[in-house]
1. Hey, among the residues in the range 78-118 that are among the charged types (D, E, K, R) and either over 12 Å from the mean Cα position of the chain (by Cα) or within 16 Å of ligand 1 (Cβ to nearest atom) (or both), which one's surrounded by the fewest Cβ atoms within 10 Å (Cβ to Cβ)?
2. Hey, any hits in the range 94-112 for a residue that's of a type in the set (S, T, N, Q), at pLDDT 95 or above, in a strand (DSSP E or B) and within 16 Å of ligand 2 (Cβ to nearest atom)?
3. Here are some conditions: (1) touching a residue at least 60 places away in the same chain (Cβ under 8 Å); (2) out of contact with any Asp or Glu (no Cβ under 8 Å at 6 or more places or on another chain). PHE98 meets all but one. Which one does it not meet?
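The values are calculated or read from the model by the stated rules, or taken from the named source; none is laboratory data. Treat the numbers as computed from the prediction; the structure is a model and nothing was measured. Don't worry about glycine lacking a Cβ; one is built from the backbone with ideal geometry, like all the others, and counts go over all protein chains shown.
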Amino acid sequence: MELEQVQRRLAALQCPICHKSDFAVHPRAEQGFAEALHTVRCLGCNYTFKLSIPTRPVSQTDPDTANWLAGLPCPLCEEVGVRLEFRCTPYVRESVLFVTCTSCHHPFTEKAPMEAYE
Ligand SMILES: [Zn+2]
Ligand SMILES: [Zn+2]
């Protein structure tokens, strides 16, 4: 996924500190084993958090999450099964997953407890 698209989809998120939805994604990423790690900065209060874009299929690197995504219903068409675009961790106890319905391509977000992130 292009950073520009990532940036656009981040508008669905609210900063946990100042509640604005204005974020800048740092273009340089740290390359992890199966993800590219970017830093996101809130333009309202300078709060930063991590954002990770998978660089390998989640089904190969994280079967638990892949199973969970496969069973996730779309709020629009109610079909199950979504594709993970990226996730970020603006909150202490949960991560936010940005997903796209594989049936109708509706983009939406899901929150997951931190355990599922690791
Ligand atoms: Zn903020
Ligand atoms: Zn759908």
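1. Checking each candidate, the answer is GLU118.
2. Yes, that holds for at least one residue.
3. Unmet condition: (2).
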